[in-house]
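Here's the structure we're looking at; comments come further down.
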Amino acid sequence: MLKKFTNFCVKLVDKYLPDPFLFAIILTFVVYVAAIVFTHQTPLEILKAWGNFSDGFWNLLKFSMQTGCIVVFGSTLAKTQIFNKLVNRIVKYATNNKRAIVLTVTFSAIFSWLNYGLGLIAGALLAKAIAKKLKTIDYRLLIASAYSGYIIWHQGLSGSIPLTISTGFDIAGKTIKSDITSTIFHPVNIITAIVCIGTMCIINIAMLPNEKDAVIVDSSVLGEEYRPKKYKIKTPADRIEHSKILWLLTCLLGWAYIFYYFGNYIAEGKSILNGLGRDSVNMILLFLGILLHGNLKNYLDALKDSVSSIVGVILQYPFYAGIMAIMTCTNAEGISLASLISNFFVNISNQYTFPVFTFFSAGIVNFFVPSGGGQWSVQAPIVMNAAEYLKVPTNIAAMAIAWGDQWTNMIQPFWALPALAVANLKAKDIMGFMCIITIASGIVFAIGIYLWAKLYS
């Protein structure tokens, strides 16, 4: 039954889902018209919000660059012999299709919980390596399994919402604060994450296509195994490019700062994991790649070979920044599309159903504002004030938003782009499977957040 429904979703998505760039364009016009109709703003007002250079179209430039670097530096690191040997050791455990699914989901989930940036590409890199060795598995489902491990990122150590409220967040003169022991490390949060990972493994295994329906990856999709070029050193310029001294000094410079940076966290009595952010992860990936390639020229060659994979990120993220600006653009009464969605769910809630409805509203808002930090700034003023009125604990209300944010990432191309870039696939290749994953994970999260409210409110 599940396989039939999965096949239906896969065929439906393959037939009707356009390229992610066109999807972003269509979504732009949908929210543009919706903002005019429901917030009664003029087309010019919406246009000004959409194209605003600081808060609109170009608002995600830094974020786009950081995400693109994660993909490129991660892919370049994956082209080193040492990394390939390490991955191949892990791949040995993927002796059949079911084990490959479990290994991919678990591997991706662990890295996603540690840091969302690592989680975006770690599972995809492993899945690609497994596909090269295991010729019987559906490659689309394998990449979908890798991406499904990302479902728990906001429950982990890089979750922007729990980290924001751990140090205090001011809303209308009130400070919202909740320690990570009551959010990230709360028993319900941890248990729900584990249950969700197990569910992802079971669902992905259940979706394994029959032999006649399976899409076995073509070698052209995986690409040929990368091999560094061989150079003849003839000129002084060649000697400089292949200089071991210059390579060593570069490595020392980068790693000296990395150790200094994390050393400060240790000196302050904090966990090293607290220092993992987009910039620190990128710096580690960059200098680890330089170190393992053993040569600056070889690293540059591998980097050039990886750069084409971020075309989607460069092209689409500005449009999503514009969509986010339209969603948060307020009229004279301070009403925006995002606030209308949040207020609707708040108005039909009570103490125990409030976190569940907040979760669903966050999932909907996330589809248009696919950024944890951006979504928190949109929903926190509404949700946290309502939570205080309904006597819902701060940590539960905040994590309801966090869970909703991560939930619909599964069918939002915005976050799938890096994994798809690594896998050399299109969004429509995996979105049929991701529809099933979204439904299954939504049930787990809805039950989990309800029980959290029921037991701890």
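Assorted remarks:
- Residues of the stretch 360-381 that turn out to be farther than 24 Å from Phe29 by Cβ, at pLDDT below 85 and open to solvent by 20 Å² or more (accessible area, probe 1.4 Å), as a count: 3
- Flag if Ala129 is open to solvent by less than 30 Å² (accessible area, probe 1.4 Å), within 14 Å of Thr104 (Cα to Cα) and either part of a helix (DSSP H, G or I) or modelled with pLDDT under 95 (or both): yes
- Looking at Gly117, Gly168, Gly159, just one residue is out of contact with any helix residue (DSSP H, G or I) (no Cβ under 9 Å at 6 or more places or on another chain) and either farther than 21 Å from Val313 by Cα or modelled with pLDDT under 90 (or both), and that residue is Gly168.
- Test: Gly198 is part of a helix (DSSP H, G or I), open to solvent by 10 Å² or more (accessible area, probe 1.4 Å) and at pLDDT 90 or above: yes
- The set of residues from the stretch 272-298 being of a type outside the set (A, V, I, L, M) and in contact (Cβ under 8 Å) with a residue 40 or more places away in the chain comprises Asn274, Gly277, Arg278, Asp279, Asn282, Gly289, His293, Gly294, Asn295, Lys297, Asn298.
- In the set (1) touching a residue at least 24 places away in the same chain (Cβ under 8 Å); (2) surrounded by fewer than 23 Cβ atoms within 10 Å (Cβ to Cβ); (3) over 29 Å from Pro162 (Cβ atoms), Thr76 fails one condition alone, (2).
- Unique match (being part of a helix (DSSP H, G or I), over 26 Å from the mean Cα position of the chain (by Cα), modelled with pLDDT of 90 or more and buried (at least 17 other Cβ atoms within 10 Å of the Cβ)) among Leu246, Leu291: Leu291
- Residue satisfying condition, being open to solvent by 10 Å² or more (accessible area, probe 1.4 Å) and out of contact with any His (no Cβ under 6 Å at 6 or more places or on another chain), within set Ala400, Ala416, Ala421: Ala421
Residue-by-condition table, conditions (1) touching a Leu at 6+ places or on another chain (Cβ under 6 Å); (2) of a type in the set (Phe, Trp, Tyr); (3) surrounded by fewer than 12 Cβ atoms within 10 Å (Cβ to Cβ); (4) not in a loop (DSSP other than H, G, I, E, B):
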| site | (1), (2), (3), (4) |
| --- | --- |
| Ala24 | no, no, no, yes |
| Tyr32 | no, yes, no, yes |
| Val37 | no, no, yes, yes |
| Gln41 | no, no, no, no |
| Phe57 | no, yes, no, no |
| Phe63 | no, yes, no, yes |
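- Flag if Leu303 is modelled with pLDDT of 90 or more, part of a helix (DSSP H, G or I), over 30 Å from Phe29 (Cα atoms) and not polar (S, T, N, Q): no
- Test set (1) in a loop (DSSP other than H, G, I, E, B); (2) open to solvent by 50 Å² or more (accessible area, probe 1.4 Å) - Pro18 fails condition number: (2)
- Some residue of the stretch 92-100 being part of a helix (DSSP H, G or I), open to solvent by 30 Å² or more (accessible area, probe 1.4 Å) and within 20 Å of His293 (Cα to Cα): no
- Within this structure, Leu337 fails the test of being in contact with a Phe, Trp or Tyr (Cβ under 7 Å, 6 or more places away or on another chain), open to solvent by 70 Å² or more (accessible area, probe 1.4 Å) and within 30 Å of Val31 (Cβ to Cβ).
- Matching residues in the stretch 399-454 - criterion: being farther than 25 Å from Ser342 by Cα and not in a helix (DSSP H, G or I): Asn424, Leu425, Lys426
- Test: residue in the stretch 351-359 that is touching a strand residue (DSSP E or B) at 6+ places or on another chain (Cβ under 6 Å), open to solvent by 20 Å² or more (accessible area, probe 1.4 Å) and either at pLDDT 90 or above or not in a loop (DSSP other than H, G, I, E, B) (or both): no
- Restricting the first member to the stretch 163-184 and to residues that are farther than 13 Å from Asn385 by Cα and in contact (Cβ under 8 Å) with a residue 12 or more places away in the chain, and the second to residues that are among the polar types (S, T, N, Q) and assigned to a strand (DSSP E or B), no beta-carbon pair is closer than 6 Å while six or more apart or on different chains.
- Output for the stretch 301-326, where each listed residue is surrounded by fewer than 20 Cβ atoms within 10 Å (Cβ to Cβ), over 30 Å from Ile46 (Cα atoms) and either touching a residue at least 12 places away in the same chain (Cβ under 8 Å) or within 19 Å of the chain's Cα centre (by Cα) (or both): Asp301, Leu303, Asp305, Val307
- Looking across Lys85, Lys48, one residue alone is surrounded by fewer than 16 Cβ atoms within 10 Å (Cβ to Cβ) and modelled with pLDDT of 90 or more. It is Lys48.
- Taking the criterion of being over 22 Å from the mean Cα position of the chain (by Cα) and open to solvent by 70 Å² or more (accessible area, probe 1.4 Å), the residues of the stretch 170-186 that qualify are Asp170, Ala172, Gly173, Lys174, Thr175, Lys177, Asp179, Thr181.
The values are calculated or read from the model by the stated rules, or taken from the named source; none is laboratory data. Keep in mind that what you see is a predicted model, and the values were worked out from it rather than measured. Quick reminder, even Gly has a Cβ in these numbers, built from the backbone with ideal geometry, and neighbours come from all protein chains shown. Each accessible area value is taken on the protein alone, full model and side chains, heavy atoms only, with ligands, DNA and RNA left out. Shrake-Rupley method; radii C 1.70, N 1.55, O 1.52, S 1.80 Å.
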